[in-house]
Amino acid sequence: MSTPSGQSDQPSVGDLAAAPPSKVPTKRGVELMLLVFATVLVTGAFILVQGNQAQELKPEILFYALAYLAMFGIAHVVVRKFAPYADPLILPCVALLNGLGLVMIYRIDLAKAAAAERAASAFSGSAPGQVMFTAIGIVLFSVFLYFLRDHRMLSRYGYTLGLVGLALLILPGILPASISGAGGAKVWVRIPGLIGLQPGEFAKIMLFIFFASFLVAKRDLFMNAGRTFLGLELPRLRDLGPLLFALAASVGVLALEKDLGNSLLIFGVVLVLLYIATERFAWVLIGLIPFIAACVVAFKLLNHVQQRVTNWIDPFSNYSGAGGGYQLAQSLFGLGTGGIFGTGLGAGRPELVPEANSDFIVSGIGEELGFIGLAALLLIYLVLTMRGMRSAVAVRDTFGKLLGGALAFSLAWQVFVVVGGATKLIPETGLTTPFMSAGGSSLLANYILVAILLRISDAARRPKSTPSRPGVQNTPISQAHTVMVERPS
Amino acid sequence: MQLTRVGFLVLLWLFVLAALRVVRSDLYAASGLRVSIPSFRRGGGKKDKTGKRPARSARHLVVTHGALAGTRISLDERPILIGRADDSTLVLDDDYASTRHARLSLQGNDWYVEDLGSTNGTYLDRARVTAPLRVPLGVPIRIGKTVIELRS
């Protein structure tokens, strides 16, 4: 992974050390200020949790607060150095979400530890693991910002990444259930004695890169060809071939692994990508038809899909039975208990919801911070998505636009699916809340995603470097260094 | 207890408001984002003075070298496709040009040239076009044996 040190000394495109001072404000100061604000908020939240749990302040809060400060301090320095024109809001939003997630996980650990103490059983919390994964995430984030000096580099590996992504998606499906299974879904790859990962989380980003670069290469075909039918311009089927294949494979694989959330996520993002690339609503309609068909088939064939839909329609019809609505009902109770203002951090009982620190962390936030707190949280997600989209609009190359749009939308879509699931707006599908849920793979993948988004926003806001005049040659430009290349027939 | 509960929510919202302030300042300061946002202040009055378009914007594409030398294409909002394909805006009969060679497109008030994965490349002045580049007026773009430039 490490390069020879001499290589980093060579000037590269992204190296701005020698760039003249420009009029475009980098706004790194704003980012630092907001990061400090986020640190204050998160530290305050830790203290509140401790206070409301009627305990004396433990030194471990100091550990969490300092670890948090150190990690995002490093991230800030890395951004300052390697992506100086990056968007100033993305990192603070991520930091706050990650921090609040950490607080909730820690808070649920406390409650579970108390319960385990009463039952005289051993308990190990998930907060230290989350801190560790955040640290690894920040390291990955820095590595990506350092090596990925230009997001267009990614488009060159579009097909390779697509293939690798597909392989990673399939991998847990073909491994034996002892390695890959957990809670009904086969999405893990566990190395015994070491940490397990969900390769699907990383595969997702690779597939987005593939779809974006594919659409850039084929965009003109999509735009030019097509027949008009009922006022909609239909694309030619053969242009769709590779895309449909990749889509069918990923959705099929995910259904095989019973990971509905991710297939919904990938499907939604691809539809939006098609829409961004072609500006044709016909594509969305065409995409919705197989989606509805897939929903119906999944409902008929897969037992757990039926359970989830039943629970969604009425969580109380099978309240305590196996596969019943207990989880969703508890989540609704929690949100109801929280009401408008919430019970206060550490004063509620969010641990009653199964999976309170991963899939249903949102209902814990809703219980303890209330509607007002949850609304603020959703606004932070909105700001994050908006800044990503804005970078995508502002960046000059088509690949960057598509990839930025896809990544930003995937965050928003994920939040919609998770919060919609926890609040009984849509059937529950089991995605993680980006940056908040306990879970290493999703956190790591999201940090990579944010690194790419920051790189795109850096490219979007960076002032154009003045083109240096090369040495004057007096040959007519029409004859200048023409390279003869045999045209492929 | 009540104080901390409300206090935390207030702080959380202050963070959101601080973030939104940054968003707003970006909207007005147009902080280096290259999308041209139609601003309300630049209303009709200013437009009447300078005419419909800014004075220095390109209106024609002129072929200066090559088989099609002398050809003029007047520009509007639509992108210009250049290549050997029949449906290109500028159809080149040139063995050194690719079927879909390059595209000129308007973003804001500027034209950008983009290479569409051609075999022999597109050159703006003497620099090879690898990413969309802004095309100033009068700077030659070379595609195979053909050279074009934008004129006002």
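The values are calculated or read from the model by the stated rules, or taken from the named source; none is laboratory data. Quantities reported herein were computed from a predicted structural model and do not represent experimental measurements. Cβ: placed from backbone, ideal geometry, glycine included. Neighbour counts: every protein chain shown. Ligands, DNA and RNA are excluded from the accessible area calculation, which covers all protein heavy atoms including side chains. Shrake-Rupley method; radii C 1.70, N 1.55, O 1.52, S 1.80 Å.
Averaged over peptide A:381-390, how many Cβ atoms belonging to another chain are found within 10 Å of each residue's Cβ?
2
At 7 Å along the Cα-to-beta-carbon direction for both A:LYS300 and B:ALA67, put a label point, then send me their distance in nm to one decimal.
5.7
Above 27 angstrom, tally the Cα pairs of segment A:13-463 and express them as a % of all pairs, no decimals.
Percentage above 27 Å: 55.
Give me the net charge of A:GLN306's neighbourhood, meaning all other residues with Cβ under 14 Å from the Cβ of A:GLN306; Lys, Arg count +1, Asp, Glu -1.
+1
May I ask you to list the aspartates and glutamates whose Cα is less than 13 Å away from that of B:LYS145, ignoring any residue fewer than eight positions away on the same chain?
Answer for B:LYS145, where 13 Å is the Cα cut-off: B:ASP93, B:ASP94, B:ASP95, listed by chain and number.
Post the alpha-carbon centroid distance, segment A:74-134 to segment A:241-298, in whole angstrom.
32
Quick one: buried accessible area between B and A, total over both chains, 1.4 angstrom probe, nearest 100 Å²?
4900
If I take the Cα coordinates of segment B:63-113 and project them onto the principal axes, what are the three extents in Å, biggest first?
Reported extents, whole Å, longest axis first: 33, 22, 15.
With a 1.4 Å probe and all protein chains left in place, how much accessible area per residue does segment A:13-463 have, in Å²?
About 40 Å² of surface per residue is accessible.
Work through the residues other than B:ALA67 whose Cβ is under 13 Å from its Cβ and net out their charges, Lys, Arg +1 and Asp, Glu -1. Please list the in-between numbers first.
Values: positive: B:ARG84, B:LYS145; negative: B:ASP93, B:ASP94, B:ASP95.
Local charge sum for B:ALA67: -1.
If R₀ is 35 angstrom, what is the calculated FRET efficiency for the pair B:LEU20 and A:LYS81, using the beta carbon separation as r and rounding to 0.05? Write out the running numbers ahead of the final one.
Numbers: r = 28 Å, r/R0 = 0.79.
Computed FRET efficiency for B:LEU20 and A:LYS81 comes out at 0.80.
I want the local charge near A:ALA329. Using Cβ-Cβ distances under 13 Å, sum +1 for each Lys or Arg and -1 for each Asp or Glu among the other residues.
-1
Lysine pairs in segment A:13-463 with Cα distance under 16 Å, only those 8 or more apart or on different chains: how many are there?
For segment A:13-463, the number of qualifying lysine pairs is 6.
For B:THR130 and B:VAL6 in one chain, what is 0.36 nm times their gap in residues minus the Cα-Cα distance, to one decimal in nm? Mind dumping the intermediate values first?
Details: separation 124, 0.36 × 124 = 44.64 nm, distance 5.43 nm.
Result for the pair: 39.2 nm of gain on full extension.
For segment A:27-136, state what percent of all Cα-Cα pairs lands in each successive 5 Å bin, counting from 0 Å until the bin that includes the largest distance.
Values per bin, smallest distances first: 2, 12, 21, 21, 16, 11, 7, 5, 3, 1, 0.
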